[in-house]
Amino acid sequence: MAAARSASTRLFQNRAFLWLCLLATNLAVLALAILVVSILWQGWGTLDWDFLRSTASRKPENAGIIVPLWGSVWVCAICGLVALPLGVGTAIYLEEFARRTRFTRIVQTNILNLAGVPSIVYGILGLTAFARMFGAFGSGADAGIELGDPESLFYLRLPFGSSVLAGGLTLMLVILPIVIISTQEALRAIPPSLRAGALALGATTWQTVWGMTLPAAVPGIMTGSILAMSRAIGESAPLLVVGSALFLLATPNNLMSDFSVLPLQIFNWAQRPQAGFHDLAASAIVVQLVVLLAFNGVAVFIRQKLQKPLL
Amino acid sequence: MTTAPSNLTPMTDLTRLGRPKSVAVRKFRERLIVGSLAVAATFSIFVTTTILVVLARETILFFRFPDVSLGEFFGSLEWNPLLGAEKHFGIWPLVSGTLLVTVIAASLALPLGLITAIYLSEYAGSRVRAVLKPALEILAGIPTVVYGFFALMFITPVLQKLNPTLEGIGTPESPISFGGYNALSAGIAMGIMILPIVCSLSEDALRAVPRSLRDGAFALGGTRFDVSVKVVVPAALSGIVAAFLLAISRAIGETMIVALAAGGMARLTANPAAEVQTMTGYMAQIFGGDAPAGSVEYQSSYAVGATLFCITFLLTMVGQYILRRFREEYD
């Protein structure tokens with residue numbers, strides 16, 4: 001034990017620690033404020049409707065973000081359409097059906113580990129498994145198998161190449177563990193008495209899940225899913241590996257189109273030596289942050305309004 | 001003799017969870033659903049296996065190149081696959097670059113994050129929380145490429161303003177003078193990035209400590225400082241350490257900040273003002289189009305990726321072990 005301290009020393013310690021706390025906390029808020037203000041300062045001047053409607057250009061004053069903006073929409077839509085059913089299904093199985101066997105413990109540990117895998121490693125996986133398909137359909141850029149007309153909406157080719165489909169599936173791998181873990185937490189928060197009630201009325205396990213547990217957990221699942229999707233919108237390293245195009249003049253028109261996404265466009269512009277492109281990058285960041293804020297706002301709204309206390 | 005209790009069937013109608021169906025149809029449907037859910041759950045195992053197979057296969061292909069060996073990979077202190085006549089593939093410069101940036105980020109974010117967490121959990125009233133929590137959530141949601149841009153366009157110029165003051169510090173071989181790319185700038189941005197992770201996970205751990213412990217410490221005459229730092233923090237230590245490890249592993253795996261702000265020169269240095277390259281930064285450079293597919297440089301990035309995967313995997317496992325092994329159970 002430490003030596004006994006006088007009351008005044010202890011009170012001073014107490015006071016000093018509180019000041020330290022306030023200092024640390026304010027530093028975090030200050031960092032956020034500086035970040036937002038400095039980017040707004042730099043990006044505000046070049047942010048207008050033309051910027052949102054223009055394609056890529058070698059001149060900063062003509063360049064815009066319409067192509068990466070639509071690229072983000074396509075990629076994130078594919079990512080969400082696959083990751084959400086798969087993730088929610090996995091979570092339901094693990095929480096509601098699986099007995100606590102060795103297998104489920106391995107699956108559980110594995111999901112926690114997947115959540116810790118760096119996103120660029122998922123990029124490598126996406127490049128090999130989706131863009132190249134392990135070289136099973138020939139290597140290089142030329143397609144092994146083609147279905148349909150390259151201009152139509154239903155064009156498909158194998159391997160996928162550096163397409164919106166490959167990009168979306170790669171992002172799906174990144175957010176899948178996040179969706180699973182947040183859905184599991186939402187399901188765990190449902191009191192067991194609700195399930196017991198349904199089961200006591202003779203419902204099967206699935207009927208209990210579909211009729212009682214899942215509806216009660218929907219706000220929690222939606223909050224987690226929206227946060228996972230906002231992660232997907234901002235993710236860029238895996239798509240850099242899968243191979244997004246840097247200079248595109250057309251928005252995607254089918255699953256096999258080349259793509260760029262907003263964060264990669266920011267990356268690309270920030271890397272250029274010309275200051276004009278740096279301002280454009282700042283403007284694109286403002287757009288990106290507005291989209292993300294909207295997503296987070298919806299998540300907060302759902303959490304506050306729809307989540308009724310159970311019991 | 002029937003095995004299914006017949007009195008269960010009429011009960012189903014009471015549940016109003018669908019039209020009444022025969023037991024056989026219901027059982028079949030149930031089995032189909034459970035089966036497909038189980039397939040979904042197995043998918044995650046499949047993902048892990050594929051990651052391992054891909055990394056292993058491509059890394060072996062890298063070591064098959066004539067001028068590459070496992071001994072050089074772990075023995076050489078030089079990494080220059082793109083420049084110069086003689087190529088060297090020693091992983092240590094990339095590891096040290098990663099470590100340097102991570103240490104800077106951690107020394108910033110771990111203390112600040114923990115103190116903020118203590119403040120949020122033990123001191124702050126609901127009004128302060130209502131402002132602080134959303135601010136931290138926004139910080140957590142900002143894409144990493146934005147932090148990279150911030151480091152390159154704001155932090156680095158600020159650091160460069162310090163250069164005249166710093167003249168004469170450091171050795172002639174590695175002077176403390178900030179260039180356009182440096183480890184400190186990337187480290188600071190990364191620190192801001194992992195701060196919310198440290199903070200929210202530590203706060204969860206602190207809040208999980210039962211109230212009775214605090215009440216007991218207060219009853220013994222402890223100040224709020226005594227209670228928070230000497231009772232609550234030690235009780236939540238396993239969760240806090242796990243939060244630290246998770247944040248560090250996130251920093252090690254982070255790509256876009258270092259790709260933008262840390263530079264592209266792999267070298268063994270502890271100088272925070274120096275341009276360094278991290279493992280992720282190298283991979284971004286290669287996959288971003290600096291090397292033709294199939295070349296030895298291109299293939300080397302898989303070996304770097306495998307190393308990165310092993311490090312972060314190890315950190316995650318240690319974190320989970322600490323959580324399980326050292327968790328204090330009250331109740």
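With all projection directions averaged, the alpha carbon convex hull of the stretch A:44-306 covers 17.1 nm². About the Cα centre of the stretch B:71-325, what is the dipole size in debye to 20, counting +1 per Lys and Arg Cβ and -1 per Asp and Glu Cβ, all else neutral? About 1100 debye. Each Cα pair under 8 Å and six or more residues apart adds its sequence gap; the mean of these over the residue count of chain A is a relative contact order of 26 percent. Ranking A:V75, A:F247, A:V117 by Cα position along the charge dipole of the stretch A:44-306, where only Lys, Arg, Asp and Glu carry charges on their C-beta atoms, puts A:V117 farthest toward the positive end.
Rounded if a/c is under 1.5, else prolate if a/b beats b/c, else oblate: with a ≥ b ≥ c from the C-alpha gyration tensor eigenvalues square-rooted, which is the stretch B:48-157? List each step's numbers first, then the result.
On the way: a/c = 2.94, a/b = 2.32, b/c = 1.27.
Since a/c reaches 1.5 and a/b is larger than b/c, the shape of the stretch B:48-157 is classed as prolate.
Using the 10 angstrom Cβ neighbour count as an exposure proxy, how do A:D149, B:D290 rank, fewest first?
Details: A:D149 10, B:D290 15.
Fewest to most other Cβ atoms nearby, the residues stand as A:D149, B:D290.
For chain B, relative contact order (Cα pairs under 8 Å, six or more residues apart, normalised by length) works out to 23 percent.
To the nearest Å, what is the center-to-center distance of the stretch B:82-159 and the stretch B:228-242, using C-alpha atoms only? If you average the Cα positions of each part, the centres end up 22 Å apart. For B:S107 and A:R53, a Förster radius of 56 Å and the Cβ-Cβ distance give a FRET efficiency of 0.80, rounded to the nearest 0.05.
May I have the convex hull volume per residue, in Å³, for the Cα set of the stretch A:224-311?
On the way: hull volume 11.5 nm³, N = 88.
Considering the Cα atoms of the stretch A:224-311, their hull volume per residue is 131 Å³.
Which value in Å is the Kirkwood Rh of the stretch B:172-312 over different Cα pairs? Evaluated on the stretch B:172-312, it is 18.0 Å. Distance from the Cα centroid of the stretch A:237-278 to that of the stretch A:144-165 is 20 Å (rounded to whole angstrom). Note on B:K161 and A:L147: their simple-model spin labels are 5.9 nm apart, each label 7 Å out from Cα toward Cβ. Using a cutoff of 8 angstrom between alpha carbon atoms and counting only pairs six or more residues apart, the relative contact order for the stretch B:78-165 works out to 12 percent.
Using equal-weight Cα scatterers in the Debye expression, the normalised intensity of the protein assembly as shown in log10 at q = 0.05, 0.07 Å⁻¹ is -0.26, -0.50. Across chain B, the longest piece that holds none of the GluC sites (Glu not before Pro) lying in DSSP loops with up to 11 other C-beta atoms within 10 Å covers B:174-328. When +1 charges are put on Lys and Arg Cβ atoms and -1 charges on Asp and Glu Cβ atoms, the dipole computed for the stretch B:63-127 relative to its Cα centre reaches about 260 debye.
Once the convex hull of the alpha carbons of chain B is built, what does its volume come to per residue, in cubic angstrom?
Details: hull volume 87.5 nm³, N = 331.
About 264 Å³ per residue, rounded to a whole number.
Once you sort the root eigenvalues of the Cα gyration tensor of the stretch B:25-64 as a ≥ b ≥ c, which label holds: rounded (a/c under 1.5), prolate (a/b larger than b/c) or oblate (the other case)? Prolate, because a/c is 1.5 or more and a/b exceeds b/c. Can you tell me what percent of all Cα-Cα pairs in the stretch A:1-157 are more than 20 Å apart? Of the Cα pairs, 78 percent sit more than 20 Å apart.
With Cα atoms as the point set, the stretch B:65-219 shows a radius of gyration and Dmax of 21.6, 73 Å.
Each reported figure results from applying straightforward, stated rules to the coordinates on display, with no laboratory input. All figures in this text were calculated on a predicted structure; none of them were measured in a lab. Every residue, glycine among them, receives a Cβ derived from its backbone with ideal geometry; neighbour counts consider all protein chains shown.
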